[in-house]
Amino acid sequence: MQVISGIVTSPVDRISDGNAERGPIFGFYVADPANVESGRFGPKSGIFVLARPANTREVLSLSGYTFDAADRFWADGSPQIGDLVEIVGDNAVNFDQGALRNTTEIKKVGSDVVPLPALFGTGGRPTSDLKGGRPANDTGDFTTGFTPPLEGIAPSATIEDWENVLVELKDVTTTTDCYAQGVAGIAQDFGNFLVTGDVEIGNDFFIGQSFGGFFDSATAAAQKTCADPKCEDSRVQGQTFTSLTGVVSFSFGVHRVNPRTTADFGGATFVAENSGTCPAP
């Protein structure tokens with residue numbers, strides 16, 4: 001087991017419902033506030049923390065926090081952005097993403113101002129350093145007919161340095177407003193898009209109004225492509241962002257920058273709520 005100290009940089013998200021014995025799995029990001037360069041987070045400054053607050057087999061000790069197993073998100077009494085924490089767990093990987101797993105203790109020890117995100121784009125490193133890539137896909141040809149291709153794209157040579165790190169992309173533009181993902185032979189739209197430098201923007205965190213919109217839960221998988229209408233989809237080709245802030249995740253072989261709140265979409269315009277094809281009330 002390892003003890004880490006750091007500052008929380010993201011909301012808490014429910015990763016999986018788990019099982020009856022160990023309960024649901026929640027995840028959030030923590031960073032080393034001492035790993036900064038000119039007031040901004042440096043490479044390898046973050047870690048992904050997995051926790052099972054309802055675990056009856058390996059009990060998780062909470063100090064300063066509470067938990068409601070019925071919450072979709074560990075919202076009330078959960079770690080919040082800016083919390084200083086001490087956490088005990090195993091330094092391991094979760095589906096090839098660096099993580100602290102088998103967490104046995106989460107303790108709040110204070111709060112502080114979160115250092116600024118690592119900067120890419122205007123005034124910072126090249127945005128292409130955050131290019132997440134796409135692995136080859138064995139369930140269909142997602143190269144032919146797709147511009148850019150949806151598979152076989154090499155990531156940046158330095159992207160792993162920024163995994164789990166809070167980053168900011170300054171003055172970037174949407175280059176592909178719907179960047180689908182090949183799943184079971186279908187190019188499905190999960191709300192992702194590409195910006196300057198082939199950086200993929202994801203949506204791991206629940207946001208009051210998702211920038212990439214959403215499909216009705218009754219929609220069949222085969223009807224969840226970029227050509228199918230969605231509700232509240234704010235993505236627009238050529239849209240410029242004064243800044244895009246988020247945490248870099250790794251999922252299904254792709255690194256993505258995931259905004260945490262609507263405020264992370266600097267200079268963006270969200271469409272009106274319930275616009276587009278939305279579920280019946």
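Here, each number is a calculation from the coordinates, and none is a lab measurement. Nothing here was measured: the structure is a model prediction, and the numbers come from that model. Note that each Cβ is placed from the backbone with ideal geometry, even for glycine, and that neighbours are counted across all protein chains shown.
Observations on the model:
- Euclidean distance of C-alpha centroids, region 242-281 and region 23-79, integer Å: 21 Å
- Taking other residues whose beta carbon is less than 15 angstrom from the beta carbon of LEU150, and scoring Lys, Arg as +1 and Asp, Glu as -1, yields -3.
- 5 angstrom amide H check on THR104, placed H, neighbours 5+ away: VAL88, GLY89
- Taking Cβ atoms as reference points and 12 Å as the exclusive limit, the residues near VAL165 contribute a net charge of -4, counting Lys and Arg as +1 and Asp and Glu as -1.
- Judged by the mean number of other Cβ atoms found within 10 Å, the most tightly packed of the peptides 40-51, 75-86 leads the ranking 40-51, 75-86.
- Estimated from the Cβ-Cβ distance and a Förster radius of 51 angstrom, the FRET efficiency linking ASN91 and ALA280 is about 0.60.
- Hz values of 3J(HN,Hα) by residue in region 217-229 - Karplus curve (6.51, -1.76, 1.60), Gly and Pro given as x: 4, 7, 5, 5, 4, 5, 10, 10, 9, 5, 7, 8, x
- Hits among lysines - C-alpha to C-alpha of LYS107 under 29 Å, sequence gap 8 or more where chains match: LYS44
- Net charge of neighbours whose Cβ lies under 14 Å from the Cβ of SER111, counting Lys and Arg as +1 and Asp and Glu as -1: -1
- Descending principal axes extents, region 145-215, alpha-carbon based, whole Å: 33, 32, 22
- Applying 1/(1 + (r/R0)^6) with R0 = 35 Å to the Cβ-Cβ distance of THR139 and VAL59 gives a FRET efficiency near 0.30.
- Inter-probe distance in nm under a simple model that places probes 7 Å from Cα toward Cβ, at SER251 and ILE4: 1.9 nm
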